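Below is one structure, written out as structure tokens; the observations come after it.
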Amino acid sequence: MTYTVGMYLADRLAQIGLKHHFAVAGDYNLVLLDQLLLNKDMQQIYCCNELNCGFSAEGYARAHGAAAAVVTFSVGAISAMNAIGGAYAENLPVILISGSPNSNDYGSGHVLHHTLGNTDYGYQLEMVRHVTCAAESITDAASAPAKIDHVIRTALRERKPAYLEIACNVSSAECARPGPVTSLLAELTPDATSLNAAVDAAVALLEKSERAVMLVGTKARSAHALSETEALADRIGCAVTIMAAAKGLFPEDHASFRGLYWGEVSAPGAQELVEKADAVLCIAPVFNDYSTVGWTAWPKGENVLVADPNRVTVGGQTFEGFTLREFLTALAKKAPHRPASARDTQYTPTKIAPAAPDARLTNDEMTRQINGMLTSKTTLVAETGDSWFNAMRMHLPRHARVETEMQWGHIGWSVPSSFGNAMGSQEREHIVMVGDGSFQLTAQEVAQMVRYELPVIIFLVNNRGYVIEIAIHDGPYNYIKNWDYAGLMNVFNAGEGHGLGMTVTTGAELAEAIKKAQANHRGPTIIECQIERTDCTDMLVQWGKRVASANARKPHVS
Ligand code: DPX
């Protein structure tokens, strides 16, 4: 049998550990999909549309480390680019693969279907460069191995998405076989001089501090530095706080854990801890308008160390040439013990009192019951909206995971992303919290959970509108058409699936529905939780006010 470009790509994807890839068919990628199907180490998983396909791959990368999505030219790829932008913002190595025009049509002057109707077919590559760390167009078999390897290696190294387009007549063309995968996975050798200097500068900051605090940020996971972060916390012994997007990245039962730092909406005591500390070690943070609560909570200055995935800034100097993992490991060998900030404080998880079982369901009662379901095997996917704040106030058992998309913030992300996440970690339990407004963007991907029998439990919060937007800036555009969300399951089952849909209006009904959901092992469950529109977290209201006033700053006139 001829060894082909498509087989090479499949082998490389399987070699980096992918057991699945996500796809939507189209005539520019059909031959490529056939080639990928020949690889029996990987299963092809189908999505309803390319936006969802991109987000499914994004979710798979969260669970599994990397992912691939295969789409058709332009009509498919341009839809997928939004999700790929999300993967870029969230530091996830997703390989977007697009079928593309026949190599003979490039430069021929031919007008092709699914294109802009011009005769230059380079535009998709140009567009995708902005949302990927490497992008290649393959129009001949001889250069395919080098281009495929470059794209995959760069994505894995930079933890960012990358792009390949393969001319539809080249995916079945003959090609060389790949060598060992180690060439794709090799890490760069660290610059020892720079690393030692960074560690010395960090030690100097800690030596002169009495109340050091650690602040863990979201990129600690994509930098593969979670256990190193914990080891450093053990060594220094100081209080450890987390940023919102890093919820779940530091164990909440750790003796030094002191909760969420999010400016005015921090856990009790956490704001004071960070803002009064004489040394703040920020581990892989993302400081944006949301995470700084409208630029009001941004640790800066002489006593702040920022350890980014590939760079450390401390004491007015910046160091690079090593990874975050290498820095944390080296620092944990030399850092002094500074336990004061942990010794003098404690962490008390938020406790929500149970509501009367027959009282109208509230946001608090819903959150309390969902929190009660979490185990070390749970992955909780919290959509943009009040679901963020509900996730933030939950107490997590060790190894429970929380997924949010706080940098990109595309509503509707959670449904396809949880589908991909569940596909990539079938040994875990997946719970989604999603608002009605968000759900309406990507609802059809629940049908794929039915198709692949994934027991994802979806808490659909029906508060009749875009409540987070109402908190930030109200207007008629924040009110949406109501749907029969639970009823959708009949549509998706179509007489052959095991999806379950229920609507609840009281705490007792919710408790009953959760029991049924947990017994439904062969498909997803939607529990539509009907709550009042005005019933949202106080955190959302406070945070919303701050972000709104940052957005409303007048243009600067010089
Ligand atoms: C918008 C947002 O119902 O949740 O808890 O009621 O807010 P809450 P819902 O899902 O509403 C979400 C809504 C409209 N954001 O409040 S956060 C603007 C927006 C976005 N992404 C995309 N379009 C618009 N974030 C793709």
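Bear in mind that the values in this text are calculations on the coordinates, not laboratory data. If you're wondering where the values come from, they're calculated on a predicted model, not measured in any experiment. Every residue, glycine as well, gets a Cβ built from its backbone with ideal geometry; the counts of neighbours run over all protein chains shown.
Here are some notes:
- Kirkwood Rh in Å, taken over the stretch 323-416 so that all alpha-carbon pairs contribute: 16.6 Å
- In this calculation the C-beta distance from Asp474 to Thr375 is compared with R0 = 35 Å, giving a FRET efficiency of 0.35.
- Model label points for Glu174 and Ala508, set 7 angstrom from Cα along the Cα-to-Cβ axis, are 7.5 nm apart.
- Segment Lys351-Gln440, extension gain: residue separation times 0.36 nm, minus the distance between their alpha carbons: 28.9 nm
- Relative contact order computed over the chain (Cα-Cα under 8 Å; 6+ residues apart), in percent: 13 percent
- Equivalent ellipsoid, the stretch 1-120 (semi-axes from 5 times Cα gyration tensor eigenvalues, Å): 24, 19, 11
- Kirkwood hydrodynamic radius of the stretch 402-444, Cα pairs, Å: 10.9 Å
- A simple spin-label model places pseudo-atoms 7 Å from Cα toward Cβ; at Arg311 and Lys545 they are separated by 3.6 nm.
- Scattering from the stretch 228-268 was approximated by placing one identical point on each alpha carbon and applying the Debye formula without solvent; log10 I(q)/I(0) at 0.29, 0.34, 0.35 1/Å stands at -1.05, -1.24, -1.28.
- If R0 is taken as 30 Å, the Cβ-Cβ distance between Arg343 and Glu264 corresponds to a FRET efficiency of 0.70.
- Taking 7 Å steps out from each Cα toward its Cβ at Lys208 and Trp298 produces label points 2.4 nm apart.
- Cα gyration tensor shape of the stretch 105-179, rounded if a/c is under 1.5, else prolate or oblate by comparing a/b with b/c: oblate
- The distance linking the stretch 378-436 with the stretch 222-266 is 19 Å (Cα centroid to Cα centroid, whole angstrom).
- Angstrom value of the Kirkwood radius, inverse mean 1/r, which spans all Cα pairs in the stretch 496-558: 15.3 Å
- The protection proxy used here, the mean number of other Cβ atoms lying within 10 Å of each residue, ranks peptides 59-70, 448-459 as follows, highest first: 59-70, 448-459.
- Subtracting the Cα-Cα distance of Lys554 and Tyr106 from 0.36 nm times their residue separation leaves 156.4 nm of extension gain.
- Prolate/oblate/rounded call for the stretch 179-254, Cα gyration tensor, a/c under 1.5 rounded: oblate
- Over the C-alpha trace of the chain, radius of gyration and Dmax come out as 24.4, 74 angstrom.
- Over all directions, the projected convex hull of the C-alpha atoms in the stretch 53-187 averages 7.9 nm² in area.
- Burial order of peptide ranges 285-296, 231-242 (average beta-carbon count within 10 Å, highest first): 231-242, 285-296
- The stretch 281-305 and the stretch 127-161: distance between their alpha carbon centers, rounded to Å: 33 Å
- Cα gyration tensor, the stretch 421-558 - rounded (a/c under 1.5), prolate or oblate: prolate
- Residues in the stretch 165-205 that a label on Tyr3 would reach, taking backbone N under 13 Å of a point 7 Å out along Cα→Cβ: 174-181
- Taking each residue as 0.36 nm, the span from Val181 to Leu30 lengthens on full extension beyond its C-alpha to C-alpha distance by 51.7 nm.
- Take the Cβ atoms of His399 and Lys515, set R0 to 22 Å, and the FRET efficiency comes out at 0.40.
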